[in-house]
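The values are calculated or read from the model by the stated rules, or taken from the named source; none is laboratory data. What you see is a predicted model; the values in this text were computed from it and never measured. Backbone-built Cβ (ideal geometry, glycine too); neighbour counts: all protein chains shown. To get the accessible areas, we keep the full protein, side chains included, count just its heavy atoms, and leave off ligands, DNA and RNA. Shrake-Rupley method; radii C 1.70, N 1.55, O 1.52, S 1.80 Å.
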Amino acid sequence: MTSTSAEAQRLRDLARLRRVRDRIDREYAQPLDVEALARDAHLSAGHLSREFHRAYGESPYSYLMTRRIERAMALLRRGELSVTEVCLAVGCASLGTFSTRFTELVGVPPSVYRRREAGAMAGIAPCVAKQVTRPVRNREASAREPHLASSS
């Protein structure tokens, strides 16, 4: 394979991955799994996972759950729905899995977040609220913390 054809293939693969990511962004509340995403992209599940992780730094499932948690945060801030209703509205079938993942990404359980944040973003543009409240993954948090050398 020449370098020109290899580059063309790489660009086609990136476009395919972008379509998968865009589908996750659009259909986060639908029942999505890596096998279905891979099948629709004409890839094996393993290949999709590896290439998606290489391109975006996380697995397709992890990306999907982050999108769901972001949307859940917005719904919980509004305070109109129960945690169970929010869980189902964002496409999670298991309240336990939803609560665990929410707590991992946000740092507090959804019920605590709902109580604490309901109305906190009133008057702030939704696009700003989304950016300010975006969940931070553990590896992102550790990368942002300043590294202080011990003086002992």
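Residues Ala8, Ala74, Ala45, Ala41: which one is of a type outside the set (S, T, N, Q) and closer than 30 Å to Arg114 by Cβ? Answer to the check: Ala74.
Cβ separations smaller than 8 Å between residues 6+ apart or across chains give the following pairs from region 26-44 residues that are touching a residue at least 60 places away in the same chain (Cβ under 8 Å) to residues that are open to solvent by 70 Å² or more (accessible area, probe 1.4 Å) and part of a helix (DSSP H, G or I): Tyr28/Arg71; Ala29/Arg71. Looking at Ala129, Ala120, just one residue is modelled with pLDDT under 90, surrounded by 15 or more Cβ atoms within 10 Å (Cβ to Cβ) and farther than 21 Å from Asp33 by Cα, and that residue is Ala129. Residue-level analysis places Arg67 among those that are in a helix (DSSP H, G or I), of a type in the set (Lys, Arg), under 30 Å from Arg10 (Cα atoms) and open to solvent by less than 60 Å² (accessible area, probe 1.4 Å).
Being outside any helix (DSSP H, G or I), over 18 Å from Arg26 (Cβ atoms), open to solvent by 50 Å² or more (accessible area, probe 1.4 Å) and modelled with pLDDT under 65 is a description that applies to Ser150.
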